[in-house]
Amino acid sequence: MPGSPPDLTLRPWGEDDLWVLRAQNTPEALVHLGGPEPDDAVIDRHRRYVELTSTGRMYVIEDGGEVAGSIGYWEKEWDGQTVFETGWHVLPHAQGRGIATRAAVQIARIAAATGTHRELHAFPPVTNVASIGVCRKAGFTLRRECDFEYPEGSWLRCQDWWLPLTS
């Protein structure tokens, strides 16, 4: 169909995807999350992404066959219950095309299909207008502002956006 966006697919994170995390690990890309991590931390994150299979999953976002970023969901204890949390990162060359919104809609469907938890949350920093817009456009509802630890030992002022999961 003319004018329609390219196919967006979520491919499970694999051993060969470390380069995606390295491409995302820049001062500009991580301005809202405290800046880049040392390479050993990036390698540790990659290992966790590869091994995350029973309590969530990480994916590479491909837009029209081109790697555009990453997204995933994982378990988190929040407000006295276990929920799924999601987060995404779109590479600079792919930003501004609605990729994160389309990927967030897909990840919600995937998380809902597990039948494991009833809620999906996203915690964008209050300064990250683009991610807040993704939450809104993907159908999440703003619950409140909160303090959120990310990375471990660093606290950010975030918004708690949530989406009920139904399969």
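Rule-based calculations on the coordinates, nothing more; no lab input. For clarity, every value in this text was computed on a predicted model and none was experimentally measured. Because the Cβ atoms are built from the backbone with ideal geometry, glycine has one as well, and the counts that use them run over all protein chains shown.
Net charge near ILE99, counting Lys/Arg +1 and Asp/Glu -1 over other residues with Cβ under 13 Å of its Cβ? Net local charge, ILE99 excluded: -1. Say R0 is 22 Å: what FRET efficiency, to the nearest 0.05, do VAL105 and ASP7 get from their beta-carbon distance? The calculated FRET efficiency here is 0.95. Helical content of the chain, expressed as a calculated mean residue ellipticity at 222 nm, amounts to -8000 deg cm²/dmol (DSSP H runs of 4 or more residues, -39,500 (n - 2.57) each, divided by residue number, nearest 500).
Beta-bridge orientation, the chain: approximately 90 percent antiparallel, per DSSP, counting only bridges with both partners inside. Placing a label point 7 Å from the Cα of ALA130 along the Cα-to-Cβ line, the residues of segment 83-119 whose backbone N sits under 18 Å from it are 87-105. Note: relative contact order over the chain, using C-alpha pairs below 8 Å and six or more positions apart, is 19 percent. On the beta carbon distance between ALA41 and ASP79, with R0 = 25 Å, the FRET formula returns roughly 0.35.
The calculated pair-distance distribution of segment 8-164 uses every alpha carbon pair, bins of 10 angstrom beginning at 0, and gives 11, 42, 41, 6, 0 percent.
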